[in-house]
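Here it is, the structure, as structure tokens.
The values are calculated or read from the model by the stated rules, or taken from the named source; none is laboratory data. Please read all numbers here as calculations on a predicted model, not as lab measurements. Quick reminder, even Gly has a Cβ in these numbers, built from the backbone with ideal geometry, and neighbours come from all protein chains shown. Side chains included, ligands, DNA and RNA excluded: accessible areas come from the protein's heavy atoms. Shrake-Rupley method; radii C 1.70, N 1.55, O 1.52, S 1.80 Å.
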Amino acid sequence: MIMQSWVLMLILALYNTSSADDTRVYPEYKVKAAYLYNFLLFVEWPDEAAKTMPQAGINVCILGEDPFGAELNPILKRTAKQQRIALQHINQGDTTLCHIIFISISEQQNLPKLLHWIQSSPSLTVSDIPGFIHQGGMIGFVFKENQRGNLVRFKINLNTMIASGLKPSSKLLEIAEEIIHD
């Protein structure tokens with residue numbers, strides 16, 4: 001319960017709401033955008049990533065159709081790890097520039113090929129494609145039902161993250177809905 005409150009406070013702080021007790025319902029992709037920002041804070045990239053990724057900032061990349069619209073704008077005004085955050089819309093060949101790659105559901109047909117192609121880069125793969133983490137993705141968004149409706153949560157494939165040299169913080173692991181070790 002403490003960790004769920006922690007997540008709510010982070011999301012609310014990101015969107016500058018007035019109170020942590022606010023029970024407002026947030027649009028799905030606004031919550032997912034807040035999670036993407038927090039993944040930047042609670043995942044450590046390998047030292048080798050600094051050699052291939054841009055020195056001027058952190059890139060959040062969207063592969064496929066962009067479901068976020070303007071919901072990512074608030075995180076683009078912030079910093080993470082003392083660096084600016086930029087948004088990139090990419091094609092298959094651009095992953096070396098990405099800290100996070102959100103793979104859109106529009107790419108579901110190509111997912112095995114995409115994940116195989118991305119696996120050699122130190123990029124955090126995130127998606128809301130059903131079964132994403134069981135197919136080799138790192139963080140998959142899911143819904144958890146409660147009294148107020150569906151909450152956006154996430155599951156983690158820890159072995160895939162570690163194999164790419166990424167280290168999730170213990171706080172991130174604590175709030176995951178599920179952690180698999182495929």
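Given a 1.4 angstrom probe, I'd like the percentage of the accessible area of the stretch 61-182 that is carbon and sulfur, rounded to a whole number.
47 percent
Which of the pairs K81/K155; K77/K155; K77/K144; K81/K144; K32/K113; K81/K171 have their Cα atoms more than 21 Å apart in this structure?
Check vs 21 Å cut-off fails for K81/K155; K77/K155; K77/K144; K81/K144; K32/K113.
Let me spell out the model: positive unit charges on the Cβ of Lys and Arg, negative unit charges on the Cβ of Asp and Glu, origin at the Cα centre of the stretch 58-182. What dipole size does that give, in debye rounded to 20?
480 debye
Okay, next question. Using θ = phi - 60° and the Karplus relation 6.51 cos²θ - 1.76 cosθ + 1.60, list the HN-Hα couplings for the stretch 64-79 in order, rounded to whole Hz, with x at every Gly or Pro.
3J(HN,Hα) across the stretch 64-79, in whole Hz: x, 5, 8, x, 7, x, 7, 5, 7, 3, x, 6, 6, 9, 10, 10.
While we're here: Can you list which of the trypsin sites (Lys or Arg not before Pro) found in the stretch 111-157 are DSSP loop residues with at most 10 other C-beta atoms within 10 Å?
Those satisfying the criteria are R148.
Could you work out the local net charge near I105, counting Lys and Arg as +1, Asp and Glu as -1, over the other residues with Cβ closer than 9 Å to its Cβ?
Taking every Cβ under 9 Å from that of I105, the sum is -3.
Residues with beta-carbon under 14 Å from that of Y29, excluding Y29: net charge, scoring Lys, Arg +1 and Asp, Glu -1?
With Lys, Arg at +1 and Asp, Glu at -1, the net is -3.
A further question on this structure: Of the options Q147, S127, S170, report the single residue whose Cα projects farthest towards the positive end of the charge dipole of the stretch 78-182 (beta-carbon charges: Lys, Arg +1; Asp, Glu -1).
Towards the positive end, the residue furthest out is S170.
Could you order peptides 124-133, 166-175 by the average number of other Cβ atoms within 10 Å of their residues, highest first?
124-133, 166-175
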